[in-house]
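Below: one structure, written as structure tokens.
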Amino acid sequence: MINDIQIGPITLHLYGILVAVGYLSAFLISERRAKKRGMDTDILYGIFWCAVIGGAVGSKLLYFTVNISDILKNPSILWNFQNGWVVYGGIIGGVLTSILYCRYKHADFVQYLDLVLPAVAFAQGCGRIGCFFAGCCYGRETDSILHIQYWQSEYAPNGVKLIPTQIYSSIGDFVMAFALMAYAKRKPAKGKVAASYCILYSIGRFVIEIFRNDYRGEWGILSTSQIISIFILILGIGMFVLAGKRSE
């Protein structure tokens, strides 16, 4: 699988391109839906930049936390910004900075969270395709005909048949994105779309972690992401129940 495309002196990294496509797609989808709902797009612009900056910081911090032992052995990892990004850290960082921004602007954070999370799921689908090309977030070895084999990846083992976990994750993210947008059209109680995202993503992430084989930190038999998934699932269920009670 090829990740780098050389055009003269310029090297294009498909992973970075697809992450950028994901961010732009999420913004355009959210902007279009915000206009249909008569929501303030200026607030949305602010949330977008908070999510970009806060997401990047959160993603790196969780990566550093998970890989602290490696960093102590080789501190130069701290200055490697080409890789070492954790999705859950990005989500948490983006949400926290967006909460602070909405409080500053006296905006309804939950309303905007309902708006943007379906688009975030779409962006994650794009990002996972980037992971597929780069070879990161790779799966376990398999004899199945449904496999991927790398030959020049810097991350995945080369010449080995692997479960294409990145593609499965991407498909799940795209399905979730369109399902949430369809659900939002039914005008559920405020907070239920966001809660549904938490429930669906956490379940999907917990399951896909079983088939991944890259190091992601571990807590006993569970990976760091599976531990976080459990908490996000509980949070999502709680949000869904609370949103229903508030609408009664």
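A Gaussian network model of the chain, with springs between Cα atoms under 10 Å, assigns the largest mean-square fluctuation among GLY220, GLY93, GLY58 to GLY220.
Calculate, for SER25 and ASP143, the FRET efficiency according to 1/(1 + (r/R0)^6) with r their C-beta to C-beta distance and R0 45 Å; round to the nearest 0.05. Efficiency for this residue pair is about 0.80. Measure nothing but the geometry: give the 0 to 90° angle between the long axis through the Cα atoms of 109-134 and the longest principal axis through the Cα atoms of the chain, rounded to 10°. Around 10 degrees separate the two axes. For the chain, the longest principal axis of the Cα atoms and the long axis of helix 41-66 meet at an angle of about 40 degrees.
Rounded, prolate or oblate, given the Cα gyration tensor of segment 122-169, with a/c below 1.5 counting as rounded? Note, shape of segment 122-169 comes out oblate. With the largest listed first and rounded to whole Å, the semi-axes of the equivalent ellipsoid of segment 193-248 from the Cα gyration tensor are 27, 10, 6. Taking label positions 7 Å along the Cα-Cβ direction at both PHE231 and ARG32, the computed distance is 3.5 nm, reported to one decimal. Each of ILE7 and THR41 was given a label point 7 Å from its Cα along the Cα-to-Cβ line. The distance between the two points is 2.8 nm.
Over all projection directions, the Cα-based convex hull of segment 120-248 averages an area of 8.7 nm². Entry note, the chain: the mean residue ellipticity at 222 nm calculated from DSSP H runs of n ≥ 4, each adding -39500 (n - 2.57), is -22500 deg cm²/dmol after division by the residues and rounding to the nearest 500.
Our estimate of slack between PHE64 and LYS185, defined as 0.36 nm per intervening residue step minus the Cα-Cα distance, is 39.6 nm.
Within segment 183-243, the trypsin sites (Lys or Arg not before Pro) that combine a DSSP coil assignment with at most 12 other C-beta atoms in a 10 angstrom radius are LYS185, ARG186. Comparing mean-square fluctuations of TYR201, TYR155, TYR15 from a GNM of the chain with C-alpha springs under 10 Å, the top value falls on TYR155. How many angstrom separate the Cα center of segment 204-221 from the Cα center of segment 106-184? Taking the Cα centre of segment 106-184 as reference, the centre of segment 204-221 is 14 Å away. Computed over the alpha-carbon atoms, the chain gives an Rg to Rh ratio of 0.98, Rh here being the Kirkwood radius from the mean inverse distance. The lysines whose alpha-carbon is closer than 24 Å to the alpha-carbon of LYS190, local same-chain residues fewer than 8 away aside, are LYS35, LYS36, LYS105, LYS245. What do you get for the angle between helix 224-246 and the principal long axis of the chain? Use alpha-carbon atoms, 0 to 90 degrees, nearest ten. Once rounded, one gets 10 degrees.
Only the coordinates and a few stated rules stand behind these numbers; no lab work does. Please read all numbers here as calculations on a predicted model, not as lab measurements. Here Cβ is always computed from backbone atoms with ideal geometry, including for glycine, and neighbour counts include all displayed protein chains.
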